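Trainee: First the structure, which I've put down as structure tokens, then a few questions once you've had a look.
The values are calculated or read from the model by the stated rules, or taken from the named source; none is laboratory data. Keep in mind that this is a model prediction, so the values were computed, not measured. Counting neighbours? That spans all protein chains shown, and the Cβs are built from the backbone with ideal geometry, glycine included.
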Amino acid sequence: MSTALSLTDAQIERYSRQILLPEIGGRGQARLLAAHVVLAGAGEAATAAAVLLGRAGVGALDLLAHGGSLPELGPDCRLRRLALTDAATVVPEVDVLVDLAGDGELTATLGRRAQAAGRPLVVGVLADARAVVATLVGRPCVACLPRAVLALEGRGASGRFAAPAALAAGALAASETLAALLFPPSQGRLHTLACGDGIFAAEPLPPTTGCSVCGGG
Ligand SMILES: [Zn+2]
């Protein structure tokens, strides 16, 4: 990711609210404009994340297995659509991978690609009224993520909090992606939002040992 590019007057105007934030600034905005993100998923969470990332000024966004229509993402976001079969070849030029597809097999594939390239993987899953987003950096990887997290996969959202949980998962995943682009994290972490109970929790993911995929131990 190059930060050498400079902002045009139109870009300074477009992202002025973000540039004013001291933790982003002009240099951070240039990083976002130079960034390349792959986002997997077809549901509401993936659409919400795509809109937030595009409007924040992420320069290249590859949607994997999305297929649906999207609102306007912003003039600086170059959108590409990839087929599910492209998952096996994504990276190494990608800066962050995001998986909101809720497909265990796809998550495992993207996890191996991210691990091999040393890139962060942000995985969001929905279970009933809960949104869970794991940001994986090195160890643990998808293969050795605690079982309690993986057990949520594939269940999907249901009930009256299904839509808020999906939007929350998308927003959380987008926020974690922007954070990973601006301030590369040194350790994985887990965010859990229980919409029905109004409980939000964030916790670090301690490095694992003995994993054959990420080399822990
Ligand atoms: Zn691992």
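Trainee: Taking into account only those residues within the stretch 74-93 that are at pLDDT 90 or above and surrounded by 20 or more Cβ atoms within 10 Å (Cβ to Cβ), which is farthest from residue 123 (Cα to Cα)?
Mentor: 76
Trainee: Is one or more of the residues making up the stretch 181-191 in a strand (DSSP E or B), more than 16 Å from the ligand (Cβ to nearest atom), surrounded by fewer than 20 Cβ atoms within 10 Å (Cβ to Cβ) and at pLDDT 90 or above?
Mentor: No: zero hits.
Trainee: Which condition does residue 99 not pass, out of (1) over 15 Å from the mean Cα position of the chain (by Cα); (2) away from the ligand (no atom under 14 Å from the Cβ), if it passes all the others?
Mentor: (1) is the only condition that residue 99 fails.
Trainee: Inside the stretch 83-102, can you point out the residues that are in a loop (DSSP other than H, G, I, E, B), closer than 12 Å to residue 65 by Cβ and not aliphatic (A, V, I, L, M)?
Mentor: 102
Trainee: What number of residues in the stretch 34-46 are at pLDDT below 95 and either closer than 20 Å to residue 12 by Cα or hydroxyl-bearing (Ser, Thr, Tyr) (or both)?
Mentor: The qualifying residues number 0.
Trainee: Also, I was wondering about something else. (1) more than 19 Å from residue 167 (Cα to Cα); (2) within 15 Å of the chain's Cα centre (by Cα); (3) assigned to a helix (DSSP H, G or I): which one isn't true of residue 112, the others all being true?
Mentor: Tallying (1) more than 19 Å from residue 167 (Cα to Cα); (2) within 15 Å of the chain's Cα centre (by Cα); (3) assigned to a helix (DSSP H, G or I), residue 112 fails exactly one: (2).
Trainee: Looking at (1) surrounded by 21 or more Cβ atoms within 10 Å (Cβ to Cβ); (2) closer than 16 Å to residue 175 by Cα, which one does residue 51 not meet, given that it meets all the others?
Mentor: Failed condition: (1).
Trainee: For residues in the stretch 192-217 being within 15 Å of the ligand (Cβ to nearest atom) and not small (Gly, Ala, Ser), which is surrounded by the most Cβ atoms within 10 Å (Cβ to Cβ)?
Mentor: In this case the residue turns out to be 214.
Trainee: Go through the stretch 126-169 and give me each residue that's more than 16 Å from the ligand (Cβ to nearest atom), modelled with pLDDT of 85 or more and in a loop (DSSP other than H, G, I, E, B).
Mentor: Selection gives nothing.
Trainee: Sticking with this structure for a sec: Go through (1) buried (at least 18 other Cβ atoms within 10 Å of the Cβ); (2) assigned to a helix (DSSP H, G or I); (3) modelled with pLDDT of 90 or more and name the single condition residue 13 misses.
Mentor: Evaluating residue 13 over (1) buried (at least 18 other Cβ atoms within 10 Å of the Cβ); (2) assigned to a helix (DSSP H, G or I); (3) modelled with pLDDT of 90 or more leaves (1) as the failure.
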